[in-house]
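Below is one structure, written out as structure tokens; comments come after it.
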Amino acid sequence: MVYAKVTEFLTIDPATIVLTLCNTLILFLVLKHFLFDKVNKVIDDRQNEIAESYKNADEAQKKAENLAAEYDEKIGRAKEEGAEIVRAATVKAQSRSDEIIAEARAEAKGIVDNANDEIEREKKIMVNQIKDEIAELAVSAASAVAEKEISLEDNERLIENFIDRVGEQ
Amino acid sequence: MDGIGQGPKVAFTLPIFGGIEITETIVIGWLIIAAVLLVCLFLTRGLAKVPTKKRQIVAEMFVGFVNNMVETTMGKRWRHYAPYIATLLVYAVLGALVSLLGLRSMTADFNVPLTWALMTFILITFYKIKSGGPGGYLKGFASPIPLMLPLNLLSEVATPVSMAFRMFGNVSGGAVITSLIYSALAGLSKLAHLAFDVGGVGFNVFQLFIPAVLSVYFDLFSGCIQAYIFATLTMVYVSGAAEEE
Amino acid sequence: MLEKAIVLGCSAVGAGLAMIAGIGPGIGEGYAVGKTIESIARQPEAKGDCTRTMFIGVAMAESTGIYAFVVALILMFANPFIGKLS
């Protein structure tokens with residue numbers, strides 16, 4: 001390139017100033033439009049995404065904590081309920097067993113009483129029978145004695161003895 | 001002493017308004033814009049939410065660096081300033097680094113830092129008027145006592161002028177020193193009989209490696225630091241102007 | 001011709017004198033960096049902030065030196081006095 005002219009070392013040239021101003025503005029627009037806007041957008045997008053994912057993770061953790069607390073509560077309640085059921089069942093079983101035992105006792109007592117009554121009755125029957133038999137025996141003995149010749153005294157003594165013996169029996 | 005102490009060359013003249021001279025500076029600016037546009041298009045191709053490609057990581061690193069710089073210096077609500085700061089950084093760094101390609105440093109043309117300083121000045125004034133109202137802005141010049149008016153005016157103007165001269169001085173100083181070293185090394189080569197003339201092109205042995213080492217300081221380091229400082233000062237001034245009172 | 005030579009020579013001397021201003025920023029920057037290193041040694045966790053503030057401060061302190069340098073460059077390469085001769 002052949003230069004037509006060389007300027008002075010230090011000149012203030014309005015044309016150069018205006019053109020440099022234009023150049024600077026063009027470079028500014030180029031950098032802003034083609035570099036900064038694009039890269040800033042990408043960086044901001046990424047930061048937003050990271051913030052978003054952090055927020056999501058926080059939310060998920062909170063949710064999980066809530067769920068765990070809920071489960072804990074539920075399990076506690078279930079345990080309580082179970083204990084309650086067991087206690088109620090125990091009480092019921094106790095009362096039922098008491099009832100059964102009482103019933104059994106009453107029944108046993110009834111049976112024993114009946115048996116005693118029976119025994120008493122049987123005894124009475126037996127005593128009456130024995131008395132009848134004794135009387136029969138006495139009659140037969142008397143008749144046997146009467147066959148022999150005995151004194152009045154002997155007779156009386158014999159009868160008295162007999163009756164005493166029977167009475168003792 | 002070719003090229004020392006010269007301004008940018010005129011690349012061509014636009015035949016409108018009686019001929020507008022387009023200097024090297026503007027042409028280099030166009031080249032930088034084209035390169036930045038291509039790099040941006042390449043870096044942002046196929047952006048994904050989960051970065052898998054290296055170029056997306058590079059793009060995000062750069063954007064994150066500028067965003068972080070703006071947020072720590074100006075505050076969170078100034079994040080929309082990041083592209084402007086990035087523009088200043090990229091333009092200033094690349095403008096200084098083109099000297100490594102043998103072109104003239106763009107920021108060694110006083111008009112370029114002057115333009116940016118004027119932009120910063122306009123932003124400062126805008127935010128001062130916005131935060132304090134036009135009356136408050138004018139009253140600010142006469143505080144704390146009306147006697148300070150000339151000094152306040154001077155310091156107001158000194159801000160962009162000092163910013164412009166700081167950058168221009170550093171980069172053009174680096175360029176001047178580099179070319180001085182080149183010519184000195186050429187002389188040294190001649191003294192040591194190590195200068196050859198290969199087919200009409202001068203070839204000096206001492207010019208081979210030494211300038212590269214020095215260029216790392218005067219072009220790379222100085223250019224980057226000045227770009228960073230210019231951007232930082234812009235941020236500090238603008239956010240300071242908006243948060244006054 | 002003699003007049004031009006005088007103006008050029010004086011400009012060169014002026015450029016050299018202007019660069020004396022380099023002393024100030026040199027001392028100032030050295031002081032600032034030293035203080036920064038002291039504070040970093042005391043509080044290594046504040047290294048980033050210290051370094052950033054130091055760079056800004058150093059750049060500000062450098063301004064005066066840069067102004068002098070620009071004046072010197074103007075005197076050398078864009079001498080405004082030559083034009084005033086004729």
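In the range B:104-119, the residues that are more than 9 Å from every other protein chain (Cβ to nearest Cβ) form Cβ pairs under 9 Å with partners that are acidic (D, E), at six or more places apart or across chains, as follows: B:R104/B:E24; B:S105/B:D219. Tell me yes or no: at least one residue of the range A:3-14 is part of a helix (DSSP H, G or I) and of a type in the set (A, V, I, L, M, F, W, C). No, the range A:3-14 has no match at all.
Taken as a whole, the structure places C:I23 among residues that are more than 12 Å from every other protein chain (Cβ to nearest Cβ) and within 17 Å of the chain's Cα centre (by Cα). Looking at the range C:33-44, is at least one residue away from chain B (no Cβ under 14 Å), modelled with pLDDT of 80 or more and under 23 Å from B:F230 (Cβ atoms)? Taking every residue of the range C:33-44 in turn, at least one turns out to be away from chain B (no Cβ under 14 Å), modelled with pLDDT of 80 or more and under 23 Å from B:F230 (Cβ atoms). Among the criteria (1) facing chain B (nearest Cβ under 10 Å); (2) more than 23 Å from the chain's Cα centre (by Cα); (3) of a type in the set (K, R), the one C:R52 does not fulfil is (2).
Looking only at the range C:45-83, residues that are of a type in the set (D, E, K, R) and in contact (Cβ under 8 Å) with a residue 12 or more places away in the chain come to 1 in all.
Could you grab me the full set of residues in the range B:45-78 that are among the charged types (D, E, K, R), under 26 Å from B:S239 (Cα atoms) and either facing another protein chain (nearest Cβ under 8 Å) or in contact with a His (Cβ under 6 Å, 6 or more places away or on another chain) (or both)?
Step one: of the range B:45-78, the residues among the charged types (D, E, K, R) are B:45, B:49, B:53-55, B:60, B:71, B:76-77.
With the extra rule that they be under 26 Å from B:S239 (Cα atoms), the set shrinks to B:60, B:71, B:76-77.
Of everything in the range B:45-78, just one residue is among the charged types (D, E, K, R), under 26 Å from B:S239 (Cα atoms) and either facing another protein chain (nearest Cβ under 8 Å) or in contact with a His (Cβ under 6 Å, 6 or more places away or on another chain) (or both), namely B:E60.
Do we have C:F55 as surrounded by 14 or more Cβ atoms within 10 Å (Cβ to Cβ), under 26 Å from B:T72 (Cβ atoms), out of contact with any Leu (no Cβ under 9 Å at 6 or more places or on another chain) and among the aromatic types (F, W, Y) here?
Numbers: surrounded by 14 or more Cβ atoms within 10 Å (Cβ to Cβ): yes; under 26 Å from B:T72 (Cβ atoms): yes; out of contact with any Leu (no Cβ under 9 Å at 6 or more places or on another chain): yes; among the aromatic types (F, W, Y): yes.
Criteria met by C:F55.
The values are calculated or read from the model by the stated rules, or taken from the named source; none is laboratory data. Here the structure is a predicted model, which is why all the values come from computation and not from measurement. Neighbour counts are summed over all protein chains in view; Cβ atoms, including those assigned to glycine, are modelled from backbone coordinates with ideal geometry.
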